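See structure below.
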């Protein structure tokens with residue numbers, strides 16, 4: 001298998017979300033952008049991560065979420081942080097750092 005060129009030598013990984021439901025996402029880069037804006041949420045979404053063994057401690061993830069109303073974006077396996085609750089037509093963002101086992105939301109109390 002060919003070696004993956006990772007950020008900053010290649011573009012950050014960008015993953016688009018669907019409008020609703022469980023989202024199975026595989027994280028393979030040091031910087032990942034989760035795009036929940038191009039397709040706004042029309043129902044609740046849950047992000048379920050599979051994290052590649054090559055992802056280093058300190059990797060960053062940015063989640064952007066836009067909703068039609070008060071739909072939520074919850075964080076499942078591979079992540080920890082408070083659920084994003086939408087406001088119609090508004091974009092909300094969160095950033096995460098990888099601690100070696102999961103992506104942890106920045107600037108939040110987690111225990």
Let me check against my output: what whole-number percent is the relative contact order of the chain, with C-alpha pairs under 8 Å and at least 6 apart? 21
For residue 68 and residue 53 in one chain, what is 0.36 nm times their gap in residues minus the Cα-Cα distance, to one decimal in nm? 1.8 nm
For labels at residue 31 and residue 4 in the simple 7 Å Cα→Cβ model, what's the distance in nm? 1.6
Read through the labelled values [x] -0.30, -0.85, -1.08, -1.35; [y] -0.33, -0.85, -1.02, -1.20; [z] -0.62, -1.04, -1.10, -1.16 and report the label of the one computed as log10 I(q)/I(0) by the Debye sum over Cα atoms at q = 0.11, 0.18, 0.20, 0.22 Å⁻¹ from the structure. [y]
Of the DSSP beta bridges with both residues in the stretch 17-86, give the percent that are antiparallel, rounding to the nearest 5. 10
What list do you get for 29, 10 if you sort them by fewest beta carbons within 10 Å? 10, 29
Residues 71, 54 in order from fewest to most other beta-carbon atoms within 10 Å are 54, 71
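Read-outs throughout are calculated quantities, based only on the coordinates presented, and are distinct from any laboratory measurement. This is a predicted model, so every value here is computed, not measured. Don't worry about glycine lacking a Cβ; one is built from the backbone with ideal geometry, like all the others, and counts go over all protein chains shown.
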